[in-house]
Amino acid sequence: MENIFYKDSDISLSYNELLVRLNKRREFYEVYYATSYFDFVINVLLGVIDHQNFVLTDYIFGKGENSKPLAVNPKVNTKEDLIHLIRNSKAEVGIYSSGSEGPPKLIYQSIQRLLQSVRISDDYADSNWGFTYHPAHSAGIQFLLQVICNGATFVNLRDLKNDALKSFIRQSQVQYLSATPTFYRLLAPYDQPLPSIISITLNGEKSTQKLISDIKSLCPNARIRNIYGSTEAGPLMSSDSEDFTVPLRLMDKLKIINGELFFHHSIVSKSVINIEWYPSGDLVEIIEDNPLKIKFISRKSRIINVAGHNVNPQQVEEYLLKLPGILDVRVYGRANKITDFIIVAEIICSDDIIYTEKDIISYLKEYLPIYKIPRIIKFVKNIEIGRTGKKSL
Amino acid sequence: MDNFDKLKEIIFTIHSNHEVYLELNIIPELKLRDDLEMDSIMLAELSVRVEDEFGIDVFENGMVYTVKDILTIIDKP
């Protein structure tokens, strides 16, 4: 049987087809706006096997100008050759991180560093992995490497909704599933089990014990791993509950100051750091001292978590202030039980301008991905200033 | 305007703001995700708008699945 590389609800493509399409390409782009997910993967793989650095943007599908093309002439004969080339790549991937303050920062991670958290085993060959992440975020790239380096099958679950999603998971016999807690919350009701799943990973936002128990009842055959990491430092710790026991290798690499977790510079991407201890922006509670066990409470900074995606409100404010007639804005997060937060904006307009919520949303959709768009827009006369002199959150 | 009309208006606003045009009348039996095509962020928006209108977090005790589920919670005396 032909080894399938990619499958979604419409198409299925083998590793042979992947190699044919890869070998046909003669141009690689450092910044690329793809026409489809498969097209995106091909450009990423060209960069990886040709040791070319590349940058991932929020919008990967046709929303901007490609960088100047670079001539390439790939010759990859077998899946094994492809895996060998990936594992020896010297390329670096640039990913925009929301950071803890200021505008988004471009952070470069080497493919070698991303590969450190890829698990490779004969058990994974011919296995089916459910894909749920943003393709151009670090979790999305790590997932791609994980699947290809094991010669496994990439099952695209993005954009599928409840009944269709569960039915496709069953039909495709997904065994490994990695997603944000928001994704798992939307699998409710948990009354019809998904027995094919043998491994569950939760990533990108805080999980609760209740959610982990619900997932256990939905996926009775699965081992559950809750992962903590950041774009700046990659995946750091895993646990089967909402508490994390700090592993020995990280004991002198993590520090808690006034409840906030700090990373030692040796575990943080070199492109972001010129200080010894990097603030994670995550507030933690110490559950036990020895061995050190911690629980994540919330974010310290203005960064807002929307369904596992970090949103920097300053970036949204900057786009809003570019609109004619907008005098002042305040963008903040509003808590809810489904996605942790959604984005809300307060806007002061000059008297001669009338915008509707829909006008503002349509404008922002040209520049920002959907999770960064304010869902509720209030047109106000005053914006509250907090005690610090900053706009309050 | 009764609670059902207010809820229909909220659903219409969410769909209209995000250019989702469905050719169906909203009835209580419709499923939020499968029939009204709401993704996670739309459900989150629905929860916040309903809370602003009725002062109740309808997702407080877990997921709700249909328009009727929401009405049952907001109509509770």
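The values are calculated or read from the model by the stated rules, or taken from the named source; none is laboratory data. Remember, predicted model here, so these are calculated numbers, not experimental data. Every residue, glycine as well, gets a Cβ built from its backbone with ideal geometry; the counts of neighbours run over all protein chains shown. We work out accessible area using only protein heavy atoms, side chains counted, and drop any ligands, DNA or RNA first. Shrake-Rupley method; radii C 1.70, N 1.55, O 1.52, S 1.80 Å.
Table for the structure above
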read-out: Chain B - percent relative contact order, Cα under 8 Å, separation 6 or more; value: 36 percent
read-out: Apportionment of accessible area to carbon and sulfur, chain A, percent (1.4 Å); value: 49 percent
read-out: Whole-number accessible area per residue in Å² for the stretch A:193-291, which is evaluated in the context of all protein chains at 1.4 Å; value: 48 Å²
read-out: In sequence order, calculated HN-Hα J values of the stretch B:30-38 (Karplus, 6.51, -1.76, 1.60; Hz; x Gly/Pro); value: 5, 8, 4, 7, 7, 8, 8, 6, 8
read-out: Listed residues A:D191, A:D10 arranged by accessible area, highest first, probe 1.4 Å; value: A:D10, A:D191
read-out: Peptide B:16-25 - average C-beta neighbours from other chains (10 Å radius); value: 3
read-out: Exceeding the 27 Å Cα-Cα cut-off - candidates A:K68/A:K358; A:K166/A:K206; A:K161/B:K68; A:K206/B:K6; A:K79/A:K216; value: A:K68/A:K358; A:K206/B:K6; A:K79/A:K216
read-out: Neighbour-limited loop hits for chymotrypsin sites (Phe, Trp or Tyr not before Pro), the stretch B:14-77 (at most 13 other Cβ within 10 Å; DSSP other than H, G, I, E, B); value: B:Y21
read-out: Distance between the stretch A:213-285 and the stretch A:328-346 - C-alpha centres, whole angstrom; value: 25 Å
read-out: Segment A:T78-A:S110, extension gain: residue separation times 0.36 nm, minus the distance between their alpha carbons; value: 9.1 nm
read-out: Estimated inter-spin distance, A:D240 and B:I56, nm [label 7 Å along Cα→Cβ]; value: 3.9 nm
read-out: Between A and B, accessible area buried - total, square angstrom, nearest 100, 1.4 angstrom probe; value: 2300 Å²
read-out: Sites matching trypsin sites (Lys or Arg not before Pro) across the stretch A:313-372 that sit in DSSP coil, with at most 13 neighbouring C-beta atoms within 10 Å; value: A:K322
read-out: For the stretch B:60-65, 3J(HN,Hα) per residue [Karplus equation, 6.51 cos²θ - 1.76 cosθ + 1.60, θ = phi - 60°, Hz, x = Gly/Pro]; value: 3, 9, x, 6, 10, 10
read-out: Within the protein assembly as shown, percent of DSSP bridges classed antiparallel, to nearest 5; value: 65 percent
read-out: Gyration tensor (alpha-carbon) shape descriptor, the protein assembly as shown, a/c threshold 1.5; value: rounded
read-out: Pairwise label distance in nanometres, A:V20 with A:S213, each label 7 Å out on the Cα-Cβ vector; value: 5.2 nm
read-out: ³J(HN,Hα) computed for each position of the stretch A:125-137 - Karplus, 6.51 cos²θ - 1.76 cosθ + 1.60, integer Hz, glycine/proline x; value: 4, 6, 8, 10, 10, x, 9, 9, 7, 5, x, 9, 9
read-out: Centre separation in Å (Cα based) which lies between the stretch A:166-210 and the stretch B:16-77; value: 23 Å
read-out: Helical contribution to [θ] at 222 nm, DSSP H n ≥ 4, -39,500 (n - 2.57), averaged over chain A, rounded to 500; value: -6500 deg cm²/dmol
read-out: Where GluC sites (Glu not before Pro) in DSSP loops with at most 11 other Cβ within 10 Å are excluded, longest remaining stretch of chain A; value: A:66-275
